[in-house]
Amino acid sequence: MLFDEDKLAMKHVLLYCRQGYEKECAAEIQERAEQIGVFGFAKTQVNQAYVIFECYQAGQAALLLEHVPVRQLIFARQMFASLPLLEELPVSDRVSAIVDALPETLRAGRIWVETPDTNEAKALSKFCRKVTVPLRQALRAKKILSAQEHEKKPVLHVCFVSATSAFVGYSQVQTHAPYPMGILRLKMPKDGPSRSTLKLEEAFHVFIPKDEQEKRLASGLHAVDLGACPGGWTYQLVRHQMFVAAVDHGAMAPHLMETGQVKHVAQDGFTYEPPRKNVYWLVCDMVDKPARVAELMERWAIYGWCVEAIFNLKLPMKSRYKEVQQVLTTLETILLEQGLTGFVLQCKHLYHDRDEVTVHLDLRQVKRQMKSR
């Protein structure tokens with residue numbers, strides 16, 4: 001531990017999420033907190049793009065940071081332990097007011113000045129950039145912030161919800177998302193067939209550790225893209241020099257076909273079966289009921305037709321968290337009943353997702369067990 005968290009005695013946790021998904025984020029953190037014996041209540045408003053979880057006991061915010069990594073949460077992009085909202089910050093000197101509110105026992109290595117991901121809050125982005133430098137200098141003068149950026153120390157978060165009010169706190173490197181606001185910024189490729197290509201690119205970054213990408217996204221691997229048209233997800237596979245069976249009745253982008261790496265299979269993705277057992281990646285962004293897509297993934301896993309899979313589940317208008325939990329629990333239960341053990345299931349509401357979540361199913365350990373039998 002890089003500082004005494006008990007002395008900070010924080011009991012609020014702020015979680016960023018997509019605008020309109022506050023209810024799902026609140027339900028999830030409430031459930032996860034109770035599972036580890038942290039009790040409190042979630043506070044939020046529709047479309048504010050963040051949730052506040054207030055613990056009943058001071059100091060328990062640190063327990064949530066330690067035992068509930070952001071990567072394990074579906075609807076939260078980022079989370080940090082926070083002081084109560086600092087309101088009526090003096091326009092003449094917001095910096096001093098923020099610095100004076102922080103416990104002197106706090107020791108951070110970086111500062112992220114942020115806003116919730118709403119159009120109203122984004123209007124503060126220029127202001128946030130302007131205040132960052134003097135805030136950083138003042139924090140270093142107080143030794144709350146290290147003289148040089150230190151990636152292994154906690155990150156200090158300052159989240160402005162208006163020009164005169166902000167949440168201030170910290171996140172731990174081991175459990176937070178490694179991007180300001182929890183958002184991985186990606187640039188749309190000029191030759192990308194559709195914006196959906198960014199969903200798979202983000203999924204690769206989120207689900208595959210950087211030091212494993214060279215092996216798990218290696219050149220020459222075979223992949224299948226179900227519901228591929230016009231080729232947004234196929235584009236990412238081709239980008240990694242994989243050979244792709246693009247399964248869809250619709251037409252594929254001509255420049256993808258010209259690479260020689262793509263075979264277009266004019267067939268329904270729900271009935272397609274791979275002719276050979278050489279598929280490493282299965283990806284699927286088909287629009288259908290979440291339960292039906294999950295059943296399709298179950299079949300691919302049970303028959304051993306792929307090693308890893310990334311697929312999207314389109315969300316209903318109501319009971320979105322409950323629906324996702326039910327589908328994932330059913331998927332996991334069926335795989336276990338079929339004797340598949342050692343698989344890893346991850347799910348995230350990615351920044352480039354809209355009314356859907358992205359799921360990663362890692363079957364590498366399952367495949368190794370099957371080979372050893």
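The values are calculated or read from the model by the stated rules, or taken from the named source; none is laboratory data. Model, not experiment: these values are computed from the prediction. So basically every Cβ, Gly included, is an ideal-geometry build from the backbone, and we count neighbours across all protein chains shown. All accessible areas refer to the heavy atoms of the entire protein, side chains included, with ligands and DNA or RNA removed. Shrake-Rupley method; radii C 1.70, N 1.55, O 1.52, S 1.80 Å.
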**Report entry** Filtered residues of region 261-314 (kept if out of contact with any strand residue (DSSP E or B) (no Cβ under 7 Å at 6 or more places or on another chain), over 16 Å from V327 (Cα atoms) and among the basic types (K, R))
**Finding:** R276, K277
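Go through region 93-119 and give me each residue that's in a loop (DSSP other than H, G, I, E, B) and over 12 Å from R140 (Cα atoms).
Step one: list which residues in region 93-119 are in a loop (DSSP other than H, G, I, E, B), which gives 93, 102-107, 109, 115-118.
Listed by number, the residues that qualify are D93, L102, P103, T105, T115, P116, D117, T118.
One residue is enough: does region 223-232 have a residue meeting the conditions in a helix (DSSP H, G or I), in contact with a helix residue (DSSP H, G or I) (Cβ under 8 Å, 6 or more places away or on another chain), open to solvent by less than 60 Å² (accessible area, probe 1.4 Å) and within 19 Å of H360 (Cα to Cα)?
Of the residues in region 223-232, the ones in a helix (DSSP H, G or I) are 232.
Retained after the next criterion (residues that are in contact with a helix residue (DSSP H, G or I) (Cβ under 8 Å, 6 or more places away or on another chain)): 232.
Now drop any that are not open to solvent by less than 60 Å² (accessible area, probe 1.4 Å), which leaves 232.
Retained after the next criterion (residues that are within 19 Å of H360 (Cα to Cα)): 232.
Checked region 223-232: at least one residue is in a helix (DSSP H, G or I), in contact with a helix residue (DSSP H, G or I) (Cβ under 8 Å, 6 or more places away or on another chain), open to solvent by less than 60 Å² (accessible area, probe 1.4 Å) and within 19 Å of H360 (Cα to Cα).
Residues being touching a residue at least 12 places away in the same chain (Cβ under 8 Å) and not in a strand (DSSP E or B): count how many of those fall in region 146-178. Full working, then the answer.
Let us first name the residues in region 146-178 that are touching a residue at least 12 places away in the same chain (Cβ under 8 Å), namely 146, 149-177.
Still in the list and also not in a strand (DSSP E or B): 146, 149-154, 163-164, 172-177.
Result for region 146-178: 15.
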Query raised in the report: Only one residue in A123, A203 is modelled with pLDDT under 95, small (G, A, S) and under 26 Å from Y21 (Cα atoms), so which one is that?
Result: A123
Query raised in the report: Do we have L237 as closer than 18 Å to P189 by Cα and either part of a loop (DSSP other than H, G, I, E, B) or touching a helix residue (DSSP H, G or I) at 6+ places or on another chain (Cβ under 7 Å) (or both) here?
Result: no
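Looking only at region 263-275, count every residue that is in a loop (DSSP other than H, G, I, E, B) and over 20 Å from D362 (Cα atoms) and tell me the total.
Of region 263-275, the ones in a loop (DSSP other than H, G, I, E, B) are 266-275.
Subset that is over 20 Å from D362 (Cα atoms): 266-272, 275.
So the answer is 8.
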Query raised in the report: Within region 97-107, can you find the residues that are in contact (Cβ under 8 Å) with a residue 12 or more places away in the chain and either loosely packed, with under 14 Cβ neighbours inside 10 Å or farther than 16 Å from F127 by Cα (or both)?
Result: V99, A101, L102, P103, E104, T105, L106, R107
Query raised in the report: Is there any pair with a first residue in region 276-292 that is under 15 Å from V238 (Cα atoms) and a second that is open to solvent by 50 Å² or more (accessible area, probe 1.4 Å) whose Cβ atoms are under 7 Å apart and which are 6 or more apart or on different chains, and what are they?
Result: V279/H222; Y280/H222
Query raised in the report: Can you find even one residue in region 307-328 that is open to solvent by less than 50 Å² (accessible area, probe 1.4 Å) and touching a His at 6+ places or on another chain (Cβ under 6 Å)?
Result: yes
Query raised in the report: In region 197-222, which residues are open to solvent by less than 30 Å² (accessible area, probe 1.4 Å), part of a loop (DSSP other than H, G, I, E, B) and either over 29 Å from F80 (Cα atoms) or touching a Pro at 6+ places or on another chain (Cβ under 6 Å) (or both)?
Result: L217, A218
Query raised in the report: Among the residues of region 258-282 satisfying the criterion of being over 31 Å from the mean Cα position of the chain (by Cα) and among the β-branched types (V, I, T), which is most open to solvent (accessible area, probe 1.4 Å)?
Result: T259
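Output the residues belonging to region 74-94 that are farther than 15 Å from P178 by Cβ and buried (at least 18 other Cβ atoms within 10 Å of the Cβ). Walk me through it before giving the result.
First pass over region 74-94, keeping only residues farther than 15 Å from P178 by Cβ: 74-75, 81-94.
Across region 74-94, the qualifying residues are I74, F75, A81, S82, L83, L86, L89, R94.
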